[in-house]
1. Between Val68 and Ser120, how many nm apart are label points set 7 Å from Cα along the C-beta direction?
2. Count the net charge of all other residues whose Cβ sits under 14 Å from the Cβ of Val103, scoring Lys and Arg as +1 and Asp and Glu as -1.
3. Tell me the net charge near Ala49. Cut-off is 12 Å between Cβ atoms, Ala49 excluded, with +1 for each Lys or Arg and -1 for each Asp or Glu.
4. Find the centroid of the Cα atoms in region 73-106 and in region 21-51, then give the distance between the two in whole Å.
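Bear in mind that the values in this text are calculations on the coordinates, not laboratory data. What you see is a predicted model; the values in this text were computed from it and never measured. Quick reminder, even Gly has a Cβ in these numbers, built from the backbone with ideal geometry, and neighbours come from all protein chains shown.
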Amino acid sequence: MCICAAEGGSSGETQPSMNEYAGWMPSYRVTLSIGALRPGVAPPDVLPAAGAAAAEVTELEASELSVVAGEARITVRFSADDAELAEQVAAHVGQATARLAAVVTARLTERVGARWYPVSSGR
């Protein structure tokens, strides 16, 4: 952090310096719409497996389960160096999840500032 003098006063105000952001990796998330579970799979097993799949290949930031319009959705948030690697991580998470449940749709997004934007394939 750099301490910058506030205008018109001697007190300092803490602001992040640009050098602090230099080592940060972009944040991505894959959102999977989940259909029927495979035979013998318990519902509580699906989310941890999706998060574990991401953690095998990158830093797992978070994972959560939500229900939107009656549809189960798993969101796995992770860091990756670039969109190409993020697509590989998302595919790995999708494949691991598909062993336990039908994956109806998958969507990869990247965090830019405070918003999430779709990652287009082949960028």
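1. Distance between the two pseudo-spin positions: 2.1 nm.
2. +3
3. 0
4. Each part's Cα centre sits 7 Å from the other's.
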